[in-house]
Amino acid sequence: MTKRSVYIAYTGGTIGMKKTSQGFAPEAGYLTRELKQLAELNRDDMPNYEIHEYDNLIDSSNITPQDWFKIADDIRLNYHRFDGFVILHGTDTMAYTSSALSFMLEELDKPVIVTGSQIPFGELRSDGRDNLITSVILAAEHTIPEVCLYFHDRLYRGNRAQKIDASNFHAFGSPNFPPLAKVGTTIELNANLLISATERPLKVQPITPPPIAVVSIFPGMSAQMLENILSTPIQGLILQTFGMGNAPSNDRDFLMVLEQAAARGVIIVNISQCYRGRVDMQGYQTGNRLQACGVISGFDMTTEAALTKLYYLFSLGLDSDAIKIQMQQNLRGELTP
Ligand code: ASP
């Protein structure tokens, strides 16, 4: 039997960072050198691997949609040579990247696992070794035709994950969808949760970000403030609302601003501020008013998934009605309608 093989791309992030006088920053060549010396990665029972370190290593707070395209296109170019892909990335925006890739990589039928670490690889007690080794094993040995995020001991669907802790090893959660795998002394893959593989060839859809805003409402927020945000050329708004998708219904100006924007074709997506649960605009009058203004439901999507999905749908060149329809449909397992 031929050995399985995994492509490892290092984009930047803590896992390959070193201490500088201004704090941790990625250092070219450093992680590749460390990995080549890592006995576990080079064992006979591990898959073959190739490491590609990007020219411009970044702290993931600097990530842009152009970087997402670079990663997606890198996967496309190497797609036929490898059984799976591990993307080493900073944790800060990892959930945005795993969400974006899940939409951009159309007809994916191989595992793409995004991971990183909270402590740099070369430091004592780094979580990078385990995250990397397990991601490589998952990418090589399991048929997972999805973009996933692996961290600590859980494999999550990429567009369901969120960073939940700035300093703990258990840094990610998947509030509204169970983990695809739990990793302890054995790897328990929940195969019945996986998206079905496709027979069609992989396609990469680039993303050009349209003018979109993410706004979290709060008590005392003025209609004027919302109007300023919604002034042209804005085309989309992720509105983070209270509880099940509620907003102040006594403020007529506030509702009117939303109604006028929706009538102009601005796509306004209702996402709950709560960590867990879903938007239900039938639940309360306050939510119902939003629906009457033309606000659409984001159901149980994370903000990361809603934002990158909206980017993706705009980039497909769809009109506003088609975007509204697809925003509320399940495209890559990102929402439960
Ligand atoms: N600031 C780092 C980054 O996102 C944090 C990390 O990797 O954990 O690149």
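Some observations on this one:
- Looking at region 200-306, the trypsin sites (Lys or Arg not before Pro) that sit in a DSSP loop and have at most 14 other Cβ atoms within 10 Å of their own Cβ are 264, 276.
- Calculated FRET efficiency, residue 153 to residue 276, Cβ-Cβ distance, R0 = 30 Å: about 0.90 to the nearest 0.05.
- Cβ-defined net charge surrounding residue 157, 9 Å radius [Lys, Arg +1; Asp, Glu -1]: 0
- Residue-wise HN-Hα coupling along region 109-121, computed from phi with Karplus coefficients 6.51, -1.76, 1.60 (Hz; x: Gly, Pro): 9, 10, x, 10, 10, 9, 8, x, 7, 8, 10, x, 3
- Tensor-based shape of region 182-246 (alpha-carbon gyration tensor, a/c under 1.5 rounded, otherwise prolate or oblate): oblate
- Pairwise label distance in nanometres, residue 81 with residue 39, each label 7 Å out on the Cα-Cβ vector: 3.0 nm
- With the helix formula -39500 (n - 2.57) applied to DSSP H stretches of n ≥ 4, the chain reaches a computed 222 nm mean residue ellipticity of -8500 deg cm²/dmol.
- Angle between the chain longest axis and helix 252-263 axis [Cα atoms, degrees, rounded to 10]: 70 degrees
- Projecting label points 7 angstrom from Cα along Cα→Cβ for residue 191 and residue 48 puts them 2.6 nm apart.
- Proximal lysines to residue 110, defined as alpha-carbon separation beneath 30 angstrom and excluding residues fewer than eight positions away on the same chain: 3, 36, 70, 163, 182, 203, 309, 324
- Prolate/oblate/rounded label for region 163-207 (Cα gyration tensor, a/c 1.5): oblate
- Against the criterion of solvent-accessible heavy-atom surface with a 1.4 angstrom probe, 152, 89, 80, 142 sort, most first, into 80, 152, 142, 89.
- Note on the chain: with charges restricted to the Cβ of Lys and Arg (+1) and Asp and Glu (-1), its dipole about the Cα centre is near 200 debye.
- Solvent-accessible area per residue in region 1-143 equals 43 Å², computed with a 1.4 angstrom probe and all protein chains kept.
- Spin-label model, residue 288 to residue 168: label points 7 Å out along the Cα-to-beta-carbon direction sit 3.9 nm apart.
- Taking Lys and Arg as +1 and Asp and Glu as -1, the other residues whose beta-carbon sits under 11 Å from that of residue 11 total -4.
The values are calculated or read from the model by the stated rules, or taken from the named source; none is laboratory data. From a predicted model like this one, the values you see are computed outputs, not experimental measurements. Virtual Cβ from ideal backbone geometry, glycine too; neighbours counted across all protein chains shown. Accessible surface areas use protein heavy atoms only, side chains included; no ligands, DNA or RNA. Shrake-Rupley method; radii C 1.70, N 1.55, O 1.52, S 1.80 Å.
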